[in-house]
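The values are calculated or read from the model by the stated rules, or taken from the named source; none is laboratory data. Fair warning: this is a prediction, and the values are worked out from it, not measured in the lab. Methodologically, a virtual Cβ is constructed for each residue, glycine included, from the backbone with ideal geometry; neighbour enumeration extends over all protein chains shown. Surface areas here come from the heavy atoms of the whole protein model, side chains and all, with no ligands, DNA or RNA. Shrake-Rupley method; radii C 1.70, N 1.55, O 1.52, S 1.80 Å.
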Amino acid sequence: MNARRHLALTAAFALIAMALPARAQAPSLADAAGSYSIATSSRIHFSIGQTGGGGIAGNFAKFSGKFRIDGGNVSRSSVEFTLFPESVRARERRIENFLRSSAVFDTDNYQTVTFRSTRVTQTGPSSANIEGALTARGKTRKERFAVTLTDWDKRSISFTIRGSIRRAPYGMDVGTPIYSNVVEFDMDIKGLRR
Amino acid sequence: MLRNGENDFGIVTIVLHWTIALLVLGLMVVGFAMRRIELDPALQFSLYQWHKSLGFTALGLALLRAIWWLTERTPRPVPGLHPFEHAAARQTHRILILLGIITPLAGWAVASASTLNMPSLYFNIIVIPHLPLQQSDSAEAFWALTHALLAYVMLALVAIHIAAAIYHQFVRGEAVLIRMLRSGFRRSDAAPVEAGEASEAVAGRNDP
Ligand code: HEM
């Protein structure tokens with residue numbers, strides 16, 4: 001009798017012990033409701049594969065944006081994001097200059113790349129897909145990013161965001177097929193509560 | 001007809017000669033344009049890729065040309081050519097055949113040593129691997145300079161080669177140009193043979 005009770009207690013403790021870190025690992029989107037602005041400590045990383053392995057990778061140093069998580073209805077959340085492609089950083093100056101040139105971002109004529117969400121679909125307690133209008137080089141297309149909430153507290157919030165964007169439709173097909181048409185975005189976004 | 005005769009060039013030599021000539025001159029123009037002229041960056045990028053694909057083609061043909069040159073007989077010199085002129089021509093041809101190989105090899109070395117590590121996708125079909133060279137700024141700069149020097153030296157030699165062909169054909173009336181254009185060209189079509197030259201030519205293809 002006693003032994004069985006003991007076992008049940010142990011099991012209950014074990015469950016709680018597992019549940020606690022799990023709660024920290026998978027924060028809920030609804031709990032993080034609020035308005036945030038995107039902090040400069042965020043990291044916007046991209047990579048493009050090349051035939052035979054390797055490729056080009058880099059990040060953007062200058063960007064801004066804000067987002068709002070609707071606690072009552074996560075699907076009513078929204079995000080606005082602006083990227084300044086002039087601030088692109090890659091492993092070589094030649095690559096940066098090429099990316100800024102008229103062959104790719106054409107930063108002389110198009111200073112920004114923008115994203116404006118149109119639909120948010122929750123895919124799990126801490127994850128969602130964000131669909132929206134991406135505008136680059138004067139062309140606007142519907143794109144989708146996958147968002148996972150990684151951490152939050154009273155003042156700030158962290159996400160990882162991933163997305164695969166085909167660049168050819170934006171008039172940036174230079175270098176294909178040596179370099180993949182698909183740009184992989186891997187972002188760590190930090191939001192500060194407003 | 002395919003092979004060289006005693007006095008004439010065969011089709012193989014003629015086709016290789018003019019295909020390589022066209023490729024090399026085209027490569028000079030593309031190479032010069034992509035490096036020395038302010039171009040639209042996307043166009044410049046694609047010229048680099050064309051330059052590499054055409055350059056590899058030139059390398060392949062130049063290797064064939066060299067093997068053919070080493071194994072196939074050389075027709076006798078056209079009559080009327082001074083032994084000194086013949087020796088100079090032989091020397092020029094030898095260097096051109098060599099430059100036809102090492103110039104594109106040096107170009108391949110540029111692509112291989114470049115820190116950009118950009119694959120050479122031959123006509124967008126197949127990746128040609130890099131030469132096993134260390135990738136660094138200095139290695140890239142060294143090979144770029146070597147490649148450019150070799151290319152422009154080859155261009156100068158080609159100019160001399162063309163000038164000599166035109167001079168001998170049209171001023172001196174020796175059939176040097178025509179026999180690289182038309183296979184089966186007979187010595188009897190031109191001036192009669194002089195004994196001295198005939199024996200000089202028989203002496204051997206490889207010493208001028
Ligand atoms: C017979 C064959 C070739 C000729 C005549 C040729 C000629 C040239 C010329 C004239 C230039 C410009 C040099 C300058 O002004 O700086 C150049 C540059 C270049 N060539 Fe070639 N080329 C040949 C083959 C190749 C091959 C096979 C490759 C690579 C696979 C290659 C790769 C390059 C590269 C990468 C450059 C630019 C170097 C730099 O950045 O300074 N070339 N070539």
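Protein-only accessible surface at a 1.4 angstrom probe places the residues A:70, A:188, B:137 in the order B:137, A:188, A:70, largest first. Taken about its Cα centre, the protein assembly as shown carries a charge dipole of roughly 1820 debye when the Cβ of each Lys and Arg holds +1 and the Cβ of each Asp and Glu holds -1. Helical runs (DSSP H, four residues minimum) scored at -39500 (n - 2.57) apiece and divided by the length of chain B put the mean residue ellipticity at 222 nm at -22000 deg cm²/dmol. Comparing the full protein assembly with the isolated chain, the residues of segment A:49-75 losing at least 20 square angstrom of accessible surface (1.4 Å probe) are A:50, A:51. In segment B:12-49, the residues whose accessible area drops by at least 50 square angstrom when the other protein chains are added to the isolated chain are B:41, B:45; the probe is 1.4 Å and only protein heavy atoms count.
Fully extending the segment from residue A:39 to residue A:118, taken as 0.36 nm per residue of separation minus the present Cα-Cα distance, adds 26.2 nm. Remark: relative contact order (segment A:28-193) = 26 percent; criterion is Cα-Cα distance under 8 angstrom and separation of 6 or more residues. Near residue A:66, which lysines are there with a Cα under 17 Å away, not counting those fewer than 8 places off in the same chain? Residue A:66 reaches A:154, A:190. Per residue, segment B:37-128 exposes 47 Å² of accessible surface when a 1.4 Å probe is rolled over the protein heavy atoms with every protein chain present. Ligands, DNA and RNA excluded, the heavy atoms of residue A:82 present near 30 Å² of accessible surface to a 1.4 Å solvent probe. Rolling a 1.4 angstrom probe over the protein heavy atoms with all chains in place gives segment A:126-185 an accessible area of 47 Å² per residue.
Put simply, chains A and B cover up around 1200 Å² of each other's accessible surface, both sides summed, when a 1.4 Å probe is used.
For chain B, taking Cα atoms only, Rg and Dmax work out to 19.6, 61 Å respectively. Computed over chain B, relative contact order equals 29 percent, with contacts defined as Cα pairs under 8 Å that lie 6+ residues apart. Among rounded, prolate and oblate, which fits the protein assembly as shown when a ≥ b ≥ c are the square roots of the eigenvalues of its C-alpha gyration tensor, a/c under 1.5 means rounded, and a/b larger than b/c means prolate? Prolate shape, in that a/c is at least 1.5 and a/b is the bigger ratio. Per-atom-type breakdown for the protein assembly as shown gives carbon and sulfur 63% of the accessible area (1.4 Å probe, protein chains only).
Within chain B, the longest run free of exposed loop sites, counting GluC sites (Glu not before Pro) that sit outside DSSP helix and strand states (H, G, I, E, B) and have at most 13 other Cβ atoms within 10 Å, spans B:39-193. In a fully extended conformation the segment linking residue A:192 and residue A:93 would gain 32.4 nm over its present Cα-Cα distance, using 0.36 nm per residue.
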